[in-house]
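A short worksheet on the structure shown next.
The values are calculated or read from the model by the stated rules, or taken from the named source; none is laboratory data. The shown structure was predicted, so the numbers you read here are calculated from the model rather than taken from an experiment. Cβ atoms come from the backbone with ideal geometry, glycine included; neighbour counts cover every protein chain shown. Remember, those area values only see protein heavy atoms, side chains included, never the ligands or the DNA or RNA. Shrake-Rupley method; radii C 1.70, N 1.55, O 1.52, S 1.80 Å.
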Amino acid sequence: MAQCTAIIDIGSNSMRMAVVQKTSRFAFHIIHEVKSSVRLSEAAYTNSGHLQKSAMDRTASALGEFLLIARSFKARKILCVATSALRDAPNAHEFIARIRQEHALSIKVIDGVREAYLGGMACANLLPVMDAISVDVGGGSSEFAQMNNGKVEKMFSLNIGTVRLKELFIDHGDMEGAVRYIDDALNTLPFESTQTLIGVGGTFRALTHSLMKKEDYPLKKLHGYSTTKEAFETFTNAIMEASPKKLKSLNIKPDRFDTIKPGTLILQRIANHLNVQKLICSGVGVREGVYLSDLLRNAKDQFPQNYNPSLRYLLDSYATFSNHSIECSALAKRLFTLMHTHLDLPQSYRTELVMAAKLLPIGLGVRYYAYQKHSHYLALNALDYGLTHSQIALVSHLLLFKKGNTSSDLIPKNSYGSLLPADKVLNALYTILWLSHILLAQRSSAQSLTLSFCDGQLTVSGKDLYLAREQLKNLPLLPQLSIELRD
Ligand code: LMR
Ligand code: MG
């Protein structure tokens with residue numbers, strides 16, 4: 001069995017563990033997640049940061065069970081970090097020693113700058129964003145990381161957090177005090193403004209989940225969901241005014257009822273302060289950062305260029321005979337280069353086309369019959385990292401094939417259609433993808449085919465094109481394209 005790593009993040013509000021399975025050098029996927037709303041920092045802020053006994057007891061119990069879970073996966077490594085609550089607590093050593101003694105686990109308390117770096121580095125590697133500021137709003141503090149050209153360059157940490165604000169101000173009905181406290185802290189930020197803000201952490205995920213439900217968003221993915229400043233403002237104003245009953249109907253979970261408003265307020269003030277235009281939700285954060293800084297320790301904390309860990313994970317896990325799809329992607333690239341101008345296809349779509357070609361056979365890992373449907377389902381659900389939702393929808397939609405249909409015929413109703421490009425683009429990419437597959441029906445190499453293209457006429461020469469000629473009848477031709485096969 002491939003090796004597993006467990007990563008535990010002891011936050012001030014919740015404690016979380018992810019168990020990650022590595023499938024090849026840099027590819028991985030999450031096989032388990034667990035969260036407990038232990039609220040380690042409860043009542044600490046009014047006691048000069050001292051952790052309280054009941055909070056430590058809860059956290060120790062939950063942590064013990066997290067370790068049982070990690071062991072059930074035979075995790076080879078357990079990486080455990082703690083943030084604001086333990087950072088601030090004069091009695092932190094008591095808790096750390098207790099956990100070491102009871103569970104033989106060493107907790108690494110990280111400082112705010114490291115915490116900001118880990119969250120930002122996870123975003124830089126796993127979101128399709130090059131320039132942005134990530135902000136992780138936690139229970140005790142908020143961490144900022146600025147990325148330029150895909151690299152985290154500047155980090156900052158502020159002691160503004162949901163539980164801290166709740167206990168110091170909101171519980172006493174002092175909303176104005178809370179706003180002043182946040183704004184005073186934000187005035188010390190070394191960042192002026194950012195077009196794009198990446199939201200990391202429990203509060204932002206809870207808000208995104210709620211907003212997506214409200215909009216009836218077609219993909220079940222928080223990671224990479226993007227929204228405008230205006231939509232964010234309208235929605236968060238509604239959250240700030242909502243009664244507990246209303247929060248419930250907005251799909252906020254009961255364990256967040258008392259921190260969602262302070263968290264929302266912090267995010268609103270940050271978005272305002274940084275003059276943000278666009279907000280992107282990150283499903284990854286400190287835990288993924290901890291994992292990646294271990295995985296990529298000899299690679300400067302960055303994946304190799306053009307490497308996509310989700311794609312590689314899918315190929316590792318489902319594509320057993322991948323030589324055919326490698327040939328298909330080579331052929332698809334050549335066809336794209338020859339025809340994209342004639343077909344009016346922007347160059348950028350080559351990326352999605354090549355990804356789809358590589359993923360063609362993954363459905364075979366489920367069942368040969370109707371494998372295209374299985375490939376589609378696997379891609380739609382398991383492509384997560386490094387791609388926009390539009391890219392995920394496009395790559396996975398291209399994998400759906402049905403004799404005699406165009407790609408636009410196959411768009412499911414009430415689904416991700418709004419994320420797809422125009423029919424013309426979709427059908428042209430589908431033609432190139434499935435034409436590559438059909439031309440290689442004999443499963444030989446793409447090299448054995450000679451291609452030429454002139455005035456909308458594609459000529460393919462090679463031997464062993466009998467099956468291709470037969471199967472070509474299944475592919476509806478684009479009006480602006482004719483194909484001739486020559487033996
Ligand atoms: C943290 O304190 O970082 C997390 O517990 C955040 C949260 O809201 O769950
Ligand atoms: Mg945190």
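Structure notes:
- Which numbered condition I110 fails, given (1) under 20 Å from the mean Cα position of the chain (by Cα); (2) of a type in the set (A, V, I, L, M); (3) closer than 19 Å to L296 by Cβ: (1)
- Boolean, M147 is surrounded by fewer than 22 Cβ atoms within 10 Å (Cβ to Cβ), free of Cβ contacts under 8 Å to residues at least 40 places away in the same chain, away from ligand 1 (no atom under 16 Å from the Cβ) and under 21 Å from Y385 (Cα atoms): no
- Residue that is farthest from ligand 1 (Cβ to nearest atom) [pool: residues in the range 150-169 that are out of contact with any Gly (no Cβ under 8 Å at 6 or more places or on another chain) and assigned to a loop (DSSP other than H, G, I, E, B)]: G150
- Residues (more than 13 Å from ligand 1 (Cβ to nearest atom) and surrounded by 14 or more Cβ atoms within 10 Å (Cβ to Cβ)) located in the range 59-76: A60, L63, F66, L67, I69, A70, F73, A75
- Residues that are within 23 Å of the chain's Cα centre (by Cα) and open to solvent by 80 Å² or more (accessible area, probe 1.4 Å) within the range 234-255 comprise just one, K253.
- Evaluated against (1) surrounded by fewer than 20 Cβ atoms within 10 Å (Cβ to Cβ); (2) over 25 Å from V38 (Cα atoms), K108 falls short on exactly one condition, (2).
- If you filter the range 368-404 down to residues that are over 21 Å from T351 (Cβ atoms) and aromatic (F, W, Y), you find that the one that is surrounded by the most Cβ atoms within 10 Å (Cβ to Cβ) is Y371.
- The range 77-105: number of residues that are open to solvent by less than 30 Å² (accessible area, probe 1.4 Å) and over 26 Å from S142 (Cβ atoms): 1
- Any hit, the range 27-43, residues being away from ligand 1 (no atom under 16 Å from the Cβ), assigned to a strand (DSSP E or B) and without any contact (Cβ under 8 Å) to a residue 24 or more places away in the chain: yes
- Screening S226 with (1) within 19 Å of S282 (Cα to Cα); (2) small (G, A, S); (3) surrounded by 22 or more Cβ atoms within 10 Å (Cβ to Cβ) gives one miss only, at (3).
- Of all residues in the range 275-286 being open to solvent by less than 20 Å² (accessible area, probe 1.4 Å) and either farther than 26 Å from D183 by Cβ or not in a strand (DSSP E or B) (or both), the one that is farthest from ligand 1 (Cβ to nearest atom): V276
- The range 287-310 - residue that is buried (at least 24 other Cβ atoms within 10 Å of the Cβ) and of a type outside the set (D, E, K, R) and, of those, farthest from ligand 1 (Cβ to nearest atom): L292
- Residue in the range 54-63 that is part of a helix (DSSP H, G or I) and either among the acidic types (D, E) or within 13 Å of ligand 2 (Cβ to nearest atom) (or both) present: yes
- Qualifying position, being more than 16 Å from ligand 2 (Cβ to nearest atom), in contact (Cβ under 8 Å) with a residue 24 or more places away in the chain and not basic (K, R), among D171, D131, D136: D131
- Conditions (1) within 21 Å of T459 (Cα to Cα); (2) in contact with a Gly (Cβ under 6 Å, 6 or more places away or on another chain): number failed by T337: (2)
- L51 more than 15 Å from ligand 2 (Cβ to nearest atom), in contact (Cβ under 8 Å) with a residue 24 or more places away in the chain and open to solvent by less than 50 Å² (accessible area, probe 1.4 Å): yes
- Identity of the residue in the range 195-216, under 27 Å from E153 (Cα atoms) and surrounded by fewer than 23 Cβ atoms within 10 Å (Cβ to Cβ), that ends up nearest to ligand 1 (Cβ to nearest atom): R205
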